[in-house]
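**Q** Below is one structure. I have some questions about it.
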Amino acid sequence: MSKQIMDLPGKTILFGVTGGIAAYKAVNVVSHLRKRGAEVCVVMTEAAEEFVTPLTFRTISANQVHTDMFDEPHHYNPRHISLAEKGDLLAVVPATANIIAKAANGIADDFLSTLMLAFPKRKVFAPAMNHHMWCNPVTQDNVSRLRERGDIIVEPDEGRLASGAVGKGRMPAPGALADEIASAFFSDSALCDWRVTVTAGPTREHFDPVRYLSNPSSGKMGFALAQAARERGASVHLISGPTQQRPPRGIETTRVVSAHQMRDACLQSWQDTDILLMAAAVCDYAPQQSAKDKLSKREADEEHPLGKVLRTPDILTELAEQKGNRFVLGFSAETDRDAGCEKAKRKLQEKNLDMIALNFVDGDVGFASDDNHCILITGQRHEELPRMHKLPLARLIVGRIVSEICGVSSTSRGC
């Protein structure tokens, strides 16, 4: 079981719940945010109370639930004002067409809509409604107005809706939506208009349909880097070997199996890439031949497929040789600290990289772990990052890349 990310301690989220059937999912979203360390203050509309009781949210959030604009206050301070001053972010889950229209047009006729008008910081809306309502030009105009003002709209999913119809309008799964809300705290436009390619996971080199050479990479580091780059405004293409990881929302993802397939995907993405983050653990060797059908033990013994191996393509070297003005980050997995540092420095120079992340895979960090421990090496700097969960670590790494780019480039693309 993956360890819960504690990336929101000290953050206060104002959480608006409106009158849609997806309100029942909002309970789980609050639970996810609490587990990530956030304080959550729930505000419910009158219609939301028809679907879920305030007691439910009070129990899950461990906080008072606000429902009435004219409740008697404990002390004089208009609640919509005091609450707005307390919050770091406002999320509306689910966001009905009605509340989106109110937000877009400045209508303040209940507690939540008044709070939205009084709240000066970032807002996140998670629309959930009938697909015809979502596609209605009026709703789309209102959504566009919110986006233009800097509000974040988490696009609804496609699928079967409560009405039985199939279309776009489903609220995302609670865990995915909690990820989107958490990401809002770390997002900016530092990499706006930059195109980032990230590789992740292992490759599998088959010598028959059921046997292959591989390694224990889970892909967690690469997927975290993809999310961190997207949070900074980049357009991200994730190329992943076989993993159980769920791609972050809003990221183009290409699934591959072998090193040759990963190379082909990287070359196809290369012309549109400004930054390459090569986190994949590409298998260095592949069987010389791959049987079409499963080999028996006798056939395997006779043909010795494991004894006949070839080197797989060195994707990072091939791309870095033609990098031009691109920024290229490589990874180096080692078990010996001192020898690993020397190997990583040589790899940085020999492969023409801008930065290398030396990560240790001994013990309970690195491969298949939720945590990682890295040393970032550039031509001028050697920085050890503490052991931490891979997503916060990915945010640190991307932050260092932003600093490197902005320090050496005069481009106006977000720096």
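The values are calculated or read from the model by the stated rules, or taken from the named source; none is laboratory data. Predicted model only: the values in this text are computed from it and were never measured. Note that each Cβ is placed from the backbone with ideal geometry, even for glycine, and that neighbours are counted across all protein chains shown. What goes into the accessible areas is simple: the full protein's heavy atoms, side chains included, and nothing from ligands, DNA or RNA. Shrake-Rupley method; radii C 1.70, N 1.55, O 1.52, S 1.80 Å.
**Q** So what is the diffusion coefficient of region 258-299 in µm² per second by Stokes-Einstein at 37 °C and 0.692 mPa s, using a Kirkwood Rh over Cα pairs?
**A** Calculated translational D: 249 µm²/s.
**Q** Beta carbons within 10 angstrom, averaged per residue: use that to sort the peptides 218-230, 309-321, 270-282, highest first.
**A** Result, highest mean first: 218-230, 270-282, 309-321.
**Q** Within the P(r) computed for region 93-239, what percentage of the Cα pairs occupies the region above 23 Å?
**A** 51 percent
**Q** Separate question: Which one of GLY87, GLY159, GLY20 has the biggest mean-square fluctuation once the chain is modelled by GNM with Cα springs under 10 Å?
**A** Its mean-square fluctuation being the largest, the pick is GLY159.
**Q** Another question about this same structure. Using only the alpha-carbon atoms of region 19-151 as identical scatterers, what base-10 log of I(q)/I(0) does the Debye formula give at q = 0.10, 0.14, 0.20 Å⁻¹?
**A** One equal scatterer on each Cα of region 19-151 leads to -0.31, -0.63, -1.31.
**Q** Bin all alpha-carbon pair distances of region 152-191 at 10 Å intervals from 0 and give each bin's fraction as a whole percent.
**A** 27, 41, 23, 9, 1
**Q** Let me ask another. Roughly what % antiparallel, to the nearest 5, for the DSSP beta bridges in the chain?
**A** In the chain, approximately 30 percent of DSSP beta bridges are antiparallel ones.
**Q** Another question, if that's okay. What size of dipole, in debye to the nearest 20, comes out for the chain about its Cα centre when the only charges are +1 on Lys and Arg C-beta atoms and -1 on Asp and Glu C-beta atoms?
**A** 200 debye
**Q** Give the carbon-plus-sulfur fraction of the accessible surface of the chain in %, rounded to a whole number; probe 1.4 Å, heavy atoms of protein chains only.
**A** Ligands and nucleic acids excluded, carbon and sulfur give 48 percent.
**Q** Would you mind calculating the gained length between LEU55 and ALA339 on full extension (0.36 nm times residue separation, minus the Cα-Cα distance), in nm to one decimal?
**A** Difference between extended and current length: 96.4 nm.
**Q** When the gyration tensor of the chain is built from Cα positions, what are the square roots of 5 times its three eigenvalues, in whole Å, from largest to smallest?
**A** Semi-axis lengths for the chain are 45, 24, 20 Å.
**Q** Could you identify which residue out of MET116, MET133, MET262 has the top mean-square fluctuation in a GNM of the chain using Cα springs shorter than 10 Å?
**A** MET133
**Q** Using 1/(1 + (r/R0)^6) with R0 = 30 angstrom and r between the beta carbons of GLU148 and ASP88, what's the FRET efficiency to the nearest 0.05?
**A** For R0 = 30 Å, the calculated efficiency reads 0.85.
**Q** Now for a different question. Checking the table LYS123/LYS323; LYS11/LYS168; LYS220/LYS343; LYS292/LYS351 against a 27 Å threshold on Cα-Cα, which pairs fail?
**A** Going by Cα-Cα distance, LYS123/LYS323; LYS11/LYS168; LYS292/LYS351 fall outside the 27 Å limit.
**Q** Could you provide, to the nearest whole Å², the per residue accessible area of region 187-260 with probe 1.4 Å?
**A** It amounts to 38 Å² per residue over region 187-260.
**Q** From the C-alpha gyration tensor of region 262-370, pull out the three semi-axes of the equivalent ellipsoid (sqrt of 5λ each), sorted largest to smallest, in whole Å.
**A** 30, 21, 13
**Q** Could I ask something else about it? Per the Kirkwood definition applied to all pairs of different Cα atoms, how many angstroms is the hydrodynamic radius of region 312-415?
**A** 14.5 Å
**Q** To the nearest 500 deg cm²/dmol, what mean residue ellipticity at 222 nm is calculated for the chain from DSSP H runs of n ≥ 4 alone, each contributing -39,500 (n - 2.57), summed and divided by the residues?
**A** After summing the helix terms and dividing by the residues of the chain, the value is -10500 deg cm²/dmol.
**Q** Moving on to the next point. CYS192 to HIS132: extension gain in nm, 0.36 nm per residue of separation minus the Cα-Cα distance?
**A** Length gained between CYS192 and HIS132: 18.4 nm.
**Q** Between the helical axis of 259-270 and the dominant principal axis of the chain, each derived from Cα atoms, what acute angle in degrees is found, rounded to the nearest 10?
**A** Result, in degrees: 60.
**Q** Taking the Cβ-Cβ separation of PHE185 and HIS260 as r and a Förster radius of 35 Å, what is the calculated FRET efficiency to the nearest 0.05?
**A** 0.30
**Q** Put a dot 7 Å past each Cα toward the Cβ at SER403 and ALA62; how far apart are the dots in nm?
**A** 3.4 nm
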